[in-house]
Amino acid sequence: MPNVVYMGGFQCKPAQPLPEHLEEFVQSSGEHGVIIMSLGTFVSELPADITNEIAAAFAKLPQKVIWRHKGDRPATLGNNTLLVDWMPQNDLLGHPKMKLFVAHGGTNGVQEAIYHGVPVVGLPLFFDQYDNLLRLQERGGAKLLTIKNVDKDNNFLNAIQEVLNEPSYRMNMQRLSGLHRDQPMKPLDTALFWIEFVMRHKGAAHLRTESYRMPWYSYHSVDVVLFLAGAGLLVLLAIFIFIRWLYTAMCKYKVKRD
């Protein structure tokens, strides 16, 4: 509609320097790089069997891992994994050593991953998360798992290794990043412009849809439905009259033959 302006990704911005302890941990990863994992603010902790499977999978990787995790420390946690209560997610995603983002598929996280061109292994939990990750997977930038299958047949480890070792995931995310960034104005500047535009023009009535001026019967296409129904009835009536005339003619012809 003319009064709707897309401005998604307004929270995305270039990465800022990391805190000293995180920068030191990231740099210790060497050429293998870093993986971060976050399931958002609504999930405090996962069942113990799932967290242990995730921790065991991370322990088998050469990369360093920063995991936003609350709850008990997993028994299978490896020396390469750092547990934190909070992380500067946008700054980590924009770090040169970032290799992979294990995410729940929230809108902000997906947009930040696209902005920085980081491939995703998705673990959707609820709301729009599955749909967000499915769209990203269809564009070749993510691998989608379900949380109930994480602890079966090394699914989680296999998904991570596939995304890390298959170059197409990063290439597709870099392509999406280029599309996301190629805008005449930053999303937040776009939002501010249109807010001020509406204020300057006292509500910008010229951008409102014409449906506000339509009578209710036109808005709901009642007149169209009545017209089509009338036309259909006329056709049925014509068919009925024709069949009746044909039947009468056949009866008269039969009487004459007899």
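In table form, for the structure just shown:
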| read-out | value |
| --- | --- |
| Members of region 206-243 found to be exposed (fewer than 10 other Cβ atoms within 10 Å of the Cβ) and either polar (S, T, N, Q) or within 18 Å of V5 (Cα to Cα) (or both), listed by number | H206, E210, S211 |
| Residue in region 183-192 that is touching a strand residue (DSSP E or B) at 6+ places or on another chain (Cβ under 9 Å) and either in the same structural domain as N90 (by TED's automatic domain parsing) or β-branched (V, I, T) (or both) present | no |
| Leading residue by the ranking (modelled with the lowest pLDDT) among those in region 32-86 that are aromatic (F, W, Y) and in a loop (DSSP other than H, G, I, E, B) | F42 |
| Test for P2: is it surrounded by fewer than 19 Cβ atoms within 10 Å (Cβ to Cβ), more than 25 Å from N149 (Cα to Cα), in contact (Cβ under 8 Å) with a residue 12 or more places away in the chain and under 26 Å from the mean Cα position of the chain (by Cα) | yes |
| Residues being touching a residue at least 24 places away in the same chain (Cβ under 8 Å) and either assigned to a loop (DSSP other than H, G, I, E, B) or out of contact with any strand residue (DSSP E or B) (no Cβ under 8 Å at 6 or more places or on another chain) (or both) - total across region 12-31 | 11 |
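Yes/no matrix, rows are residues, columns are (1) farther than 20 Å from P47 by Cβ; (2) of a type in the set (A, V, I, L, M); (3) surrounded by fewer than 18 Cβ atoms within 10 Å (Cβ to Cβ):
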residue	(1), (2), (3)
N108	yes, no, yes
V121	no, yes, no
L125	no, yes, yes
L179	yes, yes, yes
L188	yes, yes, yes
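The values are calculated or read from the model by the stated rules, or taken from the named source; none is laboratory data. Remember, predicted model here, so these are calculated numbers, not experimental data. Positions of Cβ are backbone-derived with ideal geometry, glycine not excepted, and every protein chain shown enters the neighbour counts.
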